[in-house]
């Protein structure tokens, strides 16, 4: 029996208490028995089933030698950081769902844990309840991971899904997501891509064993994606998803977060609603995929509890996550190759022609497919073509594309494939 | 540094040695350093890179106190069983890809491991390189698993894929699979469903913590699936896959292995080629999916190595798998509900009418969709309809269906949805 303390009785914290309460027998049988002894929160919870466990005083927790595992579900990087550091320095393992803290201080906190024979685990910080981090550090321990490519944000995936399925425009889909409780009142972190960007930074750090900074990752949000973009993607047999990816060419992480056209043969195409999924390409196993609910109280809490079980089963030892404080030398994400869907305004065709070769003009005028620059047609309404045309470029690096498209800002719109 | 011995230098065994050789630094950084000290095989391997490690004498291995972890990649249930038992009784952990042995003696061997402070791990026995067993016992440790539903055999998935994509008939697709090395010369274990049946028995045992016997699981193989069946499935927007599933209604495992029509909204539909995938439904996380190469030398070997790392990191302790020797009380798989695709010979329509109500006749004669028993049409050639019709039943249990279809053997053909 391991006594644990839960810091923060919000959505995830109350979920942790609920999961342990609900499945205690099962958890004991498979892993080891957990008992929530304290819940730290500034608020009172009169009438709550676990009211008697609530304390406002962290000292009570730190003074209790029975507490060997803490679940930090407070969020933020202030008190959460201070409490986590103090716990680890006292040899108490900490499990968290706090991705801001993990992204910012994960390497440092992991090192402190290693120095005090305890663990800092953060499965729930990426992909909610999908065992993604655990898979990277255990199941794929013998794999040289070549790339990670995933839908790591449920809110934006829901918005894109509703745009695709219901024809809602971005604003309407966002409003609905907020009403459903999937998006925050201030949705910036999700729709601008900060959230998936933090998550891919964490995964990339674990893969290369060094710190990958979130602020080094080029990030493009969702707010510019229109129904017309989705229609073009659909005419290619695909849809648009917000993708966080990183490869490790030459040992240097090259990460990028952006909306992408996902074609029919990509298993991520059918990842809808608030689901998340990550495709991992590695040297021995090849492609593998992990799919599940990327958010939600109980799914996220379950991942925190899985970490708590691992901590409680390894008291006095450090669960290795292979993440050092050394900063990874990043590769150039601009060198990442891919195709681009380009929409070109009719008024700019002359200009586009000089940039993209003759493709644009020829295709537009003759309505013919063009081997080198396939043109989209068929699905869109005729009048859409009156205003503009769209083509798919051959494979080129982001840098090459930026060069070619220089001066066309406001005239063309591009989305990566 | 942990010294290990590999028993059996066949496909998987040589893969284990290769994976450890290739990614040793990475494995050491993330987990712990492994060194292959012995390879046990009756054969010699002149010129092999690791020739000097080969021994014909198991006593050398058992006499070496440095050996704390053994990888059993011999296969079979004879010598493999004897060596595994002996190792575990000596406190040496054993990792294996040997599903026959795991299915037959896994519970017993796990108990022996627990009694001797070592571990018996068998990730590679199910789903090849997909970390499925590890996910069930760690990432989903706090989850009450309600059902598992998966494509657990790469050979049959390849055959069905080639039938679907290339229009090969079963015999031709099997021949091709044999030529590609995906199917054995004697393909019975795969195509009759024994292999996925063993795998679902292992997973079901782990979930319910008791022994689920493979011989208790109703099993239907692939050899009866025809191109016409696939055409009917396609006309529903689906395809046919060989599915191994188990639910745990009331704590009693109800497992079944059979070909099924998989519709477009099921993420398993796009699991093609030799890939495997398992959908797990659990109480907190909901639906999650794990997808990857279910076979292949390096993928399978990588899973054995991941287990070896876990064993080497926990020497003197037992990694819990929650599997006891107690036999699980099975539920009745005949009570599992679902729909059925039924093909009915024209000559038997009168008889079919009396069994399935008026649906068959009405639909056939009028060519109309029928609310209760939707009829398939559209995709198939007209002359197909001359011979027969097909319908999809409403949801009913397997037992109910068997009742209704009694006496129609040879006249109708049914496939589960």
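All of the numbers you see were taken from the coordinates with simple rules; none came from a lab. Values in this document were obtained by computation on a predicted structure and should not be read as measured data. Glycine gets a Cβ as well: all are built from the backbone with ideal geometry, and neighbour counts include every protein chain shown.
With a Förster radius of 45 Å applied to the C-beta separation of residue B:252 and residue B:347, the computed FRET efficiency comes to 0.65.
Taking A:49, A:320, A:146 in turn, the Gaussian network model of chain A (Cα-Cα springs below 10 Å) assigns the largest fluctuation to A:49. Where both bridge residues fall in the protein assembly as shown, DSSP classifies roughly 65% of the beta bridges as antiparallel. Between helix A:297-313 and chain A, what is the angle of the helix's C-alpha long axis to the longest principal axis, kept within 0 to 90° and rounded to the nearest 10? Roughly 50 degrees between the two axes.
What is the mean number of Cβ atoms from other protein chains located within 10 Å of the Cβ atom of each residue in peptide A:277-286, rounded to a whole number? Provide the component values of the computation, followed by the final result.
On the way: counts 4, 0, 2, 1, 0, 5, 6, 16, 15, 8.
The mean count of partner-chain Cβ atoms within 10 Å per residue comes to 6.
Give, to the nearest whole percent, the P(r) tail of the stretch A:163-292 beyond 17 angstrom, counting all Cα pairs.
Values: 5300 of 8385 pairs.
Above the 17 Å cut-off, the stretch A:163-292 has 63 percent of its Cα pairs.
By counting other Cβ atoms within 10 Å of each Cβ, how are B:198, B:416 ranked from fewest to most? Don't skip to the end; give the middle numbers.
Values: B:198 24, B:416 19.
Result, fewest neighbours first: B:416, B:198.
Remark: label point of residue A:85 defined 7 Å out from Cα along the Cα-Cβ vector; separations to the same position in other copies 5.7 nm, ascending.
Computed log10 I(q)/I(0) for chain A at 0.09, 0.12, 0.13 Å⁻¹: -0.60, -0.95, -1.07, from the Debye equation with unit scatterers placed on every C-alpha and solvent omitted.
Averaging sequence separations of C-alpha pairs under 8 Å and six or more residues apart, then dividing by the length of chain B, give the relative contact order as a whole percent. Walk me through the numbers on the way to the answer.
Working: 860 pairs, mean separation 75.8, N = 417.
Over chain B, the number comes to 18 percent.
Please order B:393, A:156, B:318, B:239 by the number of other Cβ within 10 Å, starting at the fewest.
On the way: B:393 21, A:156 30, B:318 18, B:239 24.
Result, fewest neighbours first: B:318, B:393, B:239, A:156.
Just to verify a number: FRET efficiency for residue B:24 and residue A:86, C-beta to C-beta distance, R0 = 41 Å, to 0.05? E(calc), rounded to 0.05, equals 0.65.
Counting Cβ atoms of other protein chains within 10 Å of each Cβ in B:310-322 and taking the mean gives 2. Between this copy and the others, label points of residue B:62 are 5.5 nm apart in ascending order, each placed 7 angstrom from Cα in the Cβ direction. Using R0 = 35 Å, the C-beta based FRET efficiency linking residue A:48 and residue A:116 works out to 0.60. Each copy carries a label point for residue B:117 at 7 Å from Cα toward Cβ; from one copy, the others' points are 1.6 nm away, ordered from shortest. Helix A:79-89 and the longest principal axis of the Cα set of chain A meet at an angle near 60°. Fewest neighbouring Cβ atoms within 10 Å first, the residues A:234, B:30, B:260 line up as A:234, B:30, B:260. The distance from the alpha carbon centre of the stretch A:161-205 to that of the stretch B:200-235 is 39 Å, rounded to a whole number. Taking the DSSP beta bridges in chain B as the whole, what percent of them are antiparallel, to the nearest 5? Of those bridges, close to 65 percent are antiparallel.
Let me have the relative contact order for the stretch B:80-159, percent, based on Cα pairs under 8 Å that are six or more residues apart.
On the way: 73 pairs, mean separation 20.9, N = 80.
Contact order relative to length: 26 percent.
Report, to the nearest 10°, how far helix B:194-208 tilts away from the longest principal axis of the Cα atoms in chain B, using its own Cα long axis and a range of 0 to 90°. The angle comes out near 70 degrees.
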